[in-house]
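The values are calculated or read from the model by the stated rules, or taken from the named source; none is laboratory data. Here the structure is a predicted model, which means the values were calculated and not measured. In this analysis, Cβ positions are derived from the backbone assuming ideal geometry, glycine residues included, and neighbour counts consider all displayed protein chains.
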Amino acid sequence: MRLSFSALALLVALSPCPAFAHAILVKAQPDKESTITAAPKEVLLRFNDAVGEEFLALAIVDDHGKRVDAHDAKLDFTDHANLRASVDIQTPGRYMVRYRVLSADGHVVSGKFFFTFQP
């Protein structure tokens, strides 16, 4: 049995295949662009899907460029969609959260956002 090129192309196009997508940040604590009045003890990022530990990074930086996180970024043991790091924030100001994770599709995703601490 011989298939024409167009029949073969149609067969491939209609075949089920896994849907992979880049990880998307869906929630953050503190929230993106928020102003908070109590200093957080940690920053938590939640993605729409589990992410890998390779290339994992999470840094929280004050407006002078000094890191205020404990360099302890880690994924939750039971839910690899949650990334967290401990922070020691004592000074009012604007803080930048930078992250990098590995999506299930193998692509590295990075981003940043800000929050303000104003007691």
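Residue check: Asn48 meets all listed conditions (1) in contact with a strand residue (DSSP E or B) (Cβ under 9 Å, 6 or more places away or on another chain); (2) exposed (fewer than 15 other Cβ atoms within 10 Å of the Cβ); (3) in contact (Cβ under 8 Å) with a residue 40 or more places away in the chain; (4) under 15 Å from His22 (Cα atoms) but one, namely (3). Residue count for the range 59-93, restricted to those that are part of a loop (DSSP other than H, G, I, E, B), within 15 Å of Gln29 (Cβ to Cβ) and of a type outside the set (A, V, I, L, M, F, W, C): 2. In this entry, Ala19 is excluded by the filter for residues that are modelled with pLDDT of 95 or more and not in a strand (DSSP E or B).
So which of Val101, Val97 is over 15 Å from Lys32 (Cβ atoms) and either surrounded by 15 or more Cβ atoms within 10 Å (Cβ to Cβ) or not charged (D, E, K, R) (or both)? Give the steps one after another, and end with the answer.
Numbers: Val97 fails: over 15 Å from Lys32 (Cβ atoms).
Exactly one of Val101, Val97 is over 15 Å from Lys32 (Cβ atoms) and either surrounded by 15 or more Cβ atoms within 10 Å (Cβ to Cβ) or not charged (D, E, K, R) (or both), namely Val101.
Take Asp105 and tell me if it is more than 17 Å from Asp31 (Cβ to Cβ), of a type in the set (Asp, Glu) and at pLDDT below 95.
Numbers: more than 17 Å from Asp31 (Cβ to Cβ): yes; of a type in the set (Asp, Glu): yes; at pLDDT below 95: yes.
In short, yes.
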